[in-house]
1. Any idea how many residues of segment 142-163 are under 21 Å from TYR218 (Cβ atoms), basic (Lys, Arg) and either surrounded by fewer than 17 Cβ atoms within 10 Å (Cβ to Cβ) or not assigned by TED's automatic domain parsing to the domain that holds GLU293 (or both)?
2. State which residue is modelled with the highest pLDDT when the search covers only segment 1-51 and only residues that are farther than 18 Å from PHE61 by Cβ and among the β-branched types (Val, Ile, Thr).
3. Any idea which of LEU106, LEU175, LEU126, LEU119 is closer than 23 Å to VAL219 by Cα and touching a residue at least 40 places away in the same chain (Cβ under 8 Å)?
4. Considering only residues of segment 232-248 that are more than 19 Å from the chain's Cα centre (by Cα) and not aliphatic (A, V, I, L, M), which is farthest from PRO112 (Cα to Cα)?
5. Say whether the condition of being among the acidic types (Asp, Glu) and surrounded by fewer than 14 Cβ atoms within 10 Å (Cβ to Cβ) is met by at least one residue in segment 8-26.
6. Between residues in segment 270-293 that are among the β-branched types (Val, Ile, Thr) and residues that are part of a loop (DSSP other than H, G, I, E, B) and surrounded by 15 or more Cβ atoms within 10 Å (Cβ to Cβ), which pairs lie under 7 Å by C-beta distance while being six or more apart or on different chains?
7. With respect to GLY57, determine if the residue is surrounded by 15 or more Cβ atoms within 10 Å (Cβ to Cβ) and not assigned by TED's automatic domain parsing to the domain that holds LEU149.
8. Of all residues being hydrophobic (A, V, I, L, M, F, W, C) and modelled with pLDDT under 80 in segment 118-141, which is surrounded by the fewest Cβ atoms within 10 Å (Cβ to Cβ)? Just the residue, please.
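The values are calculated or read from the model by the stated rules, or taken from the named source; none is laboratory data. Note that the coordinates shown come from a computational prediction; the quantities given were computed from them, not determined experimentally. Cβ: placed from backbone, ideal geometry, glycine included. Neighbour counts: every protein chain shown.
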Amino acid sequence: MATDTLVQRLPRHLKMSELRVFAAVLEQRSFRKAAAAVHLTQPAVTKAIAGLEAKVGAKLFDRHADGVEPTIHALSFAPRAAVIFEELRRAAQDLEMVSSGAAGGLRIGSVPMPAIPFLPIAIKRLAEVHPGSSVSVVEARETELIDRLRRRDIEIAILRLSLLDLGPDFHIATLFEESLCVLARRDHSLAARKRVTWPELLQAHWVLPPTNCIFFEYVLRTLETLGLELPRPAVEAYSIHIQLGMALHGEMLGLGMRPPIEFSPGTNMLVRLPYELPSPARAVAAVTLRFHEASPLAQQLIGHVRDLATA
């Protein structure tokens, strides 16, 4: 089947029943188990897969003694099939909200960072204009947020772009830029100094992000570029709240990003130590799927966050 013919015909002839069977076979790796999962006979499952293969013009499963294995065509088709079911589930949720009088829903993802306080205020502004709206916020690492975007489990991801190569599938709306700095409690012994050296800073107790997160990679790359030794952490914490808490209550030094750190609750008790870490500013952005138009609620929230960051 020619590609152009497939593009034209598949949306018109694809049956949801076949798609449901495909998903079950993919998950169960067995026609027999898939039949039990979707409450059909095995011949009905075989017929559905054959009908779908005829429509896509390719074999989807290879049979073997223990069951079936998806072909490269099935693995390529699977993410799109999952999106179709997810969109239908979201559509049902939206219809339920409309029926209950709500204006709509918005799902947001964010990485742990001092910029998080922007979100509650932006959401508050959104709720004032749309009192019937529903907002859900999840906090996760960058890679997980990108996966959630692809699955359309969230509509917006607010994250740092420093070490991500997002590719052409995403639309990026830059919100503000950050720069790296050393943070300490206001009454820390080094806070009153007009000048400190890196060897002096290395002698202090530090709280740092764990080695398996993108922020750590950015810190490591920056310090290596500047020819500076990485501090030895007394505490490792992925959560920005724990990092700031250890700086505030544990009298440790930490690495933060400015200007958003100045916006965070409690950070008026933190100061930026007089040691410059010259490095390029890093953008924080709202990322959405390029080929999935952002909802009005999403667009308005992005506008509120950008307004707050540039005020």
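1. Here the count works out to 0.
2. THR5
3. Criteria check complete, one pass: LEU175.
4. Among those that are more than 19 Å from the chain's Cα centre (by Cα) and not aliphatic (A, V, I, L, M), it is ARG232.
5. Of all residues in segment 8-26, those among the acidic types (Asp, Glu) come to 18.
Those still in the list that are surrounded by fewer than 14 Cβ atoms within 10 Å (Cβ to Cβ) too: none.
For segment 8-26, residues among the acidic types (Asp, Glu) and surrounded by fewer than 14 Cβ atoms within 10 Å (Cβ to Cβ): absent.
6. Matching pairs, first to second residue: VAL271/ALA191; VAL284/ALA115; VAL287/LEU166; THR288/GLU155; THR288/ALA294.
7. Values: surrounded by 15 or more Cβ atoms within 10 Å (Cβ to Cβ): no; not assigned by TED's automatic domain parsing to the domain that holds LEU149: yes.
Taking the combined requirement at face value, the residue does not satisfy it.
8. To start, the set of residues in segment 118-141 that are hydrophobic (A, V, I, L, M, F, W, C) comprises 118-119, 121-123, 126-127, 129, 135, 137-138, 140.
Applying the additional criterion that residues be modelled with pLDDT under 80 yields 118-119.
Working: PHE118: 24, LEU119: 19.
The qualifying residue surrounded by the fewest Cβ atoms within 10 Å (Cβ to Cβ) is LEU119.
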